[in-house]
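Participant: I'd like to ask you about the structure that follows.
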Amino acid sequence: MTLADLLCARSGVVCVVGAGGKKSTLYALARQLDRAVVTATVRIPIFDQHVADVVVTERPAAALERVADWPVGVVPDRDRDDRYRGYDPDVVDAIGESDATDAVLVKADGARMREFKAPGDREPQLPETADTVLPIASVHAVGEPLTEACVHRPERVTTLTDLELGDTIRPSDVATVLTSERGGHADVPDGATVIPVLNKVDDAALEAVAREIASDVLAQSDVPRVVLTQLTASDPVVAAVER
């Protein structure tokens, strides 16, 4: 199965949250879909090179009716020279309800390029019409100390696990955060499908770590599968761990 199939991302509103591969997931999915829109409800780095065009507009649903080249990005405006602003979630709802696109791919929180995170009080910014939510973590976080060098908001991770700042991150800690209602499952709309993604599975040793995390995730939450990825590879799917 393709990445888009495994992540239930061929249609609807698909939101990525977490750390260690959100943008790479969006761009990999956009390449696999016929009429995909890339957008955000939070700031997103400039991504013009990953889509056929980026349309800067306050009326994205209307603008998409005139699109001929896919995939396309839609954003409200720039925020500094290196990133775009995101839309309010209700604007993304309107995009998803239009007939102009098959899939709306949404970056719904930030992580400052870290490998792992737990959300803040105002995160994630999920549209109510989200069909699929993909909580992402990098397996590179395992074995690292719980500090800001590797983790966005490490103090939040301490409230969800038995870790203290500076402790070594274990596979079970990643699973706990990914499955928590205050972590990877935070504010997920009723009826949405949650599929965790473990990224940067670059070799056999990291795959073993990822499979340990996936086993804990499946034991702790009602998700259909955990997808292991190496999103920089031409074939980004390493494995899918099913129930």
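Participant: Restricting to region 1-25, name every residue that is closer than 20 Å to residue 97 by Cβ and out of contact with any Pro (no Cβ under 9 Å at 6 or more places or on another chain).
Facilitator: 9, 10, 11, 12, 14
Participant: Follow-up question, since we're still on this one. What about residue 104, is it over 14 Å from the mean Cα position of the chain (by Cα) and of a type in the set (Val, Ile, Thr)?
Facilitator: Taking the combined requirement at face value, the residue does not satisfy it.
Participant: Is it true that some residue in region 168-179 is among the small types (Gly, Ala, Ser), modelled with pLDDT of 95 or more and surrounded by 22 or more Cβ atoms within 10 Å (Cβ to Cβ)?
Facilitator: Start the filter on region 168-179 by keeping residues that are among the small types (Gly, Ala, Ser), which leaves 172, 175.
In the following step, the residues that additionally are modelled with pLDDT of 95 or more were identified as 172, 175.
Then drop every residue that is not surrounded by 22 or more Cβ atoms within 10 Å (Cβ to Cβ), which leaves 175.
Within region 168-179, one or more residues are among the small types (Gly, Ala, Ser), modelled with pLDDT of 95 or more and surrounded by 22 or more Cβ atoms within 10 Å (Cβ to Cβ).
Participant: Considering only residues of region 21-56 that are assigned to a loop (DSSP other than H, G, I, E, B) and free of Cβ contacts under 8 Å to residues at least 40 places away in the same chain, which is nearest to residue 104 (Cα to Cα)?
Facilitator: Keep residues of region 21-56 that are assigned to a loop (DSSP other than H, G, I, E, B), which gives 21, 33-35, 41-43, 46-47, 51-52.
From the residues that got through so far, the ones that are free of Cβ contacts under 8 Å to residues at least 40 places away in the same chain too are 46-47, 51-52.
Numbers: 46: 17, 47: 15, 51: 13, 52: 15 Å.
Here the residue is 51.
Participant: Please determine, by comparing only the residues of region 68-80 that are assigned to a loop (DSSP other than H, G, I, E, B) and open to solvent by 80 Å² or more (accessible area, probe 1.4 Å), which one is farthest from residue 26 (Cα to Cα). Spell out the reasoning first.
Facilitator: As a first pass, look at region 68-80 and keep what is assigned to a loop (DSSP other than H, G, I, E, B): 68-71, 76-77, 79-80.
If we keep only those that are open to solvent by 80 Å² or more (accessible area, probe 1.4 Å) as well, we get 68-69, 80.
On the way: 68: 20, 69: 17, 80: 22 Å.
Ranking the qualifying residues of region 68-80, first place goes to 80.
Participant: Take the conditions open to solvent by 10 Å² or more (accessible area, probe 1.4 Å) and in a helix (DSSP H, G or I) and apply them to residue 90. Does it pass?
Facilitator: On the way: open to solvent by 10 Å² or more (accessible area, probe 1.4 Å): yes; in a helix (DSSP H, G or I): yes.
It is true that residue 90 is open to solvent by 10 Å² or more (accessible area, probe 1.4 Å) and in a helix (DSSP H, G or I).
Condition check ((1) touching a strand residue (DSSP E or B) at 6+ places or on another chain (Cβ under 7 Å); (2) charged (D, E, K, R); (3) buried (at least 23 other Cβ atoms within 10 Å of the Cβ)) across all residues:
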{"site": "66", "(1), (2), (3)": "no, yes, no"}
{"site": "82", "(1), (2), (3)": "yes, yes, no"}
{"site": "85", "(1), (2), (3)": "yes, yes, no"}
{"site": "101", "(1), (2), (3)": "yes, no, yes"}
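Participant: Could you tell me whether residue 57 is open to solvent by 10 Å² or more (accessible area, probe 1.4 Å), of a type in the set (Val, Ile, Thr), closer than 23 Å to residue 6 by Cα and at pLDDT 95 or above?
Facilitator: Details: open to solvent by 10 Å² or more (accessible area, probe 1.4 Å): yes; of a type in the set (Val, Ile, Thr): yes; closer than 23 Å to residue 6 by Cα: no; at pLDDT 95 or above: yes.
No; evaluated as a whole, the condition is false for this residue.
Participant: Test each condition in (1) surrounded by fewer than 16 Cβ atoms within 10 Å (Cβ to Cβ); (2) modelled with pLDDT of 95 or more; (3) charged (D, E, K, R) for residue 243 and report the one that comes out false.
Facilitator: Among (1) surrounded by fewer than 16 Cβ atoms within 10 Å (Cβ to Cβ); (2) modelled with pLDDT of 95 or more; (3) charged (D, E, K, R), residue 243 violates only (2).
Participant: Restricting the search to region 136-167, which residues are surrounded by 24 or more Cβ atoms within 10 Å (Cβ to Cβ) and under 21 Å from residue 24 (Cα atoms)? Explain how you work it out, then say what you get.
Facilitator: To start, the set of residues in region 136-167 that are surrounded by 24 or more Cβ atoms within 10 Å (Cβ to Cβ) comprises 136-139, 141, 151, 157.
136, 137, 138, 139, 141, 151, listed by residue number.
The values are calculated or read from the model by the stated rules, or taken from the named source; none is laboratory data. Every value quoted in this text rests on a predicted model; they were computed, and no experiment measured them. In this analysis, Cβ positions are derived from the backbone assuming ideal geometry, glycine residues included, and neighbour counts consider all displayed protein chains. When the accessible area is computed, the model is the full protein with side chains, heavy atoms only, and any ligands, DNA or RNA have been set aside. Shrake-Rupley method; radii C 1.70, N 1.55, O 1.52, S 1.80 Å.
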